[in-house]
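Quick note: the coordinates plus some simple rules give every number you see, no bench work behind them. For clarity, every value in this text was computed on a predicted model and none was experimentally measured. In this analysis, Cβ positions are derived from the backbone assuming ideal geometry, glycine residues included, and neighbour counts consider all displayed protein chains.
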Amino acid sequence: MTKPALPAKEGEEITSSGHNDPKIIGNFSPEQSRKIRERQIERSKVMGLILFALCVLFFAITIVKIGVWG
Amino acid sequence: MKEAIPTDLYIPADWRDFWALTKPRVMSLVVFTALCGLLAAPNSIHPIIGFTAILCIALGAGASGALNQWYEADLDAKMKRTEKRPLPDGRMGKESALQFGLGLAAFSVLIMAVGVNYLSAALLAFSIFFYAVVYTVWLKRSTPQNIVIGGAAGAFPPLIGWAAVTGDVTVMPLLLFAIIFLWTPPHFWALALFMKSDYGNAGVPMLPVVAGRKSTRNQIFAYTFPMAGAAILPFFMGYAGLLYGVTAVMLNIAFIIMAAQVWRNDSEDIADMKPEKRLFAFSILYLFILFAVVAADNILGFEKVVYL
């Protein structure tokens, strides 16, 4: 369901969907918005870990290929 | 007025759903057989490069699984065993699964080529193509022999593991390939015998659905003998030592006995299909032990004698 727009206070940014609650994303409900944020945070953490592990792996492969580690 | 977004499908998929898309249990068997192929090779490989090869094989298997689930979302929704997968359950969009599968496939092949060698990368690319296109798109819905030819896709990992170490493909890795290739039909048909209604409902022409249970049981028994022959050959051809030879003979005798029990069973009632369930469970153990012994035999340096 569409979240009804709240009246914006002076100087407050109004989102494209009409409401001014920064915790709510677009036309999603508060519960869906919370779920989206939660998923985004979890996915970012997992992606960060994977990228870090890949950096370490690429570094190690490079070192092996140039012959430093036999 | 802007319309409300009505569905949870627009909520980003959980990372665990991406993980489920890679078929982790299948991946574990792929990683294991690839590792055994790598350890059975005569040369040595730097642990970092060996780890990279296994990682790429795992990622390639994950990519195959993701592409398979992307294409088969409609079939998966019709089967109890698969209806809770991320796509049929509506936890993820099809587009995400396709992009994830293609990305993972490209990434795994690229890293294999750059970090390990071109032959293993080419074999990995071909195995992903074989599983995702030849098996999933072409064979699975069109012929009851789907898993006979499709079994080749699952047989590639030890070959790739071997090629990662040696940079070539000789008789021994081809024998390892043949073992898995010939093991696949009895393994899957044993499962299909007690999952017949599931496959039938989804319209997948698995052998029990098309030819009946009697014919499937005959074929399971028939495939067991070339499989046993391929499994014992490495010992007689001097590619594996006594540890492997003794274990392979014992495992294959047990497999043949269980396949014979399936062959003699004429029940149509799933409750009476204990021999089929036992054979299916044993077939997994069989492959794990056989491949573990291939690696152990080489690592422990058992003497290899050519008898044939």
Of B:ALA190, B:ALA281, B:ALA105, the one that fluctuates the most in a GNM where chain B has Cα springs shorter than 10 Å: B:ALA281
Top of B:ALA77, B:ALA132, B:ALA63 by mean-square fluctuation, Gaussian network on chain B, Cα under 10 Å: B:ALA77
Highest-MSF residue in chain B out of B:VAL249, B:VAL171, B:VAL148 [GNM, Cα springs under 10 Å]: B:VAL171
Cα centroid separation, segment B:233-265 to segment B:145-170 (Å): 21
At R0 = 25 Å, FRET efficiency that the Cβ-Cβ distance of B:VAL26 and B:ASP269 yields, to 0.05: 0.30
Contact order normalised by residue count of segment B:81-207, Cα under 8 Å, 6+ apart, percent: 22
Computed [θ] at 222 nm, deg cm²/dmol, chain B (DSSP H ≥ 4; -39,500 (n - 2.57); rounded to nearest 500): -23500 deg cm²/dmol
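If you keep only loop residues by DSSP, which GluC sites (Glu not before Pro) in segment B:1-109 have at most 10 other Cβ atoms within 10 Å of their Cβ? Spell out each step's value before the answer.
Numbers: sites: B:GLU3, B:GLU72, B:GLU83, B:GLU95; in loops: B:GLU3, B:GLU72, B:GLU83.
Here the sparse-neighbourhood loop sites are B:GLU3.
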Charged-residue dipole, Cβ positions (Lys, Arg, Asp, Glu), the protein assembly as shown about Cα centre, Debye nearest 20: 360
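Kindly flag which residue pairs out of B:LYS78/B:LYS277; B:LYS140/B:LYS214; A:LYS45/B:LYS277 have an alpha-carbon separation exceeding 29 Å in this structure.
Details: B:LYS78/B:LYS277 22 Å; B:LYS140/B:LYS214 21 Å; A:LYS45/B:LYS277 41 Å.
Check vs 29 Å cut-off fails for A:LYS45/B:LYS277.
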Average Cα contact separation per residue, segment B:20-171, under 8 Å, 6 or more apart, as relative contact order %: 35
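I need to check one value: relative contact order of chain B, counting alpha carbon pairs closer than 8 Å and at least 6 residues apart, in percent. List each step's numbers first, then the result.
Working: 475 pairs, mean separation 60.9, N = 308.
So the answer I get is 20 percent.
Averaged over A:38-47, how many beta carbons belonging to a partner chain fall within 10 Å of each residue's beta carbon?
Details: counts 3, 6, 2, 0, 4, 5, 1, 1, 5, 1.
Whole-number average of other-chain Cβ neighbours for A:38-47 is 3.
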About the Cα centre, charge dipole magnitude for segment B:185-308 (Lys/Arg +1, Asp/Glu -1 at Cβ), debye: 120
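In debye, nearest 20: dipole of chain B around its Cα centre with unit charges on the Cβ of K, R (+) and D, E (-)? Spell out each step's value before the answer.
On the way: 22 positive and 19 negative charges, 84 e Å.
For chain B, the charge dipole is close to 400 debye.
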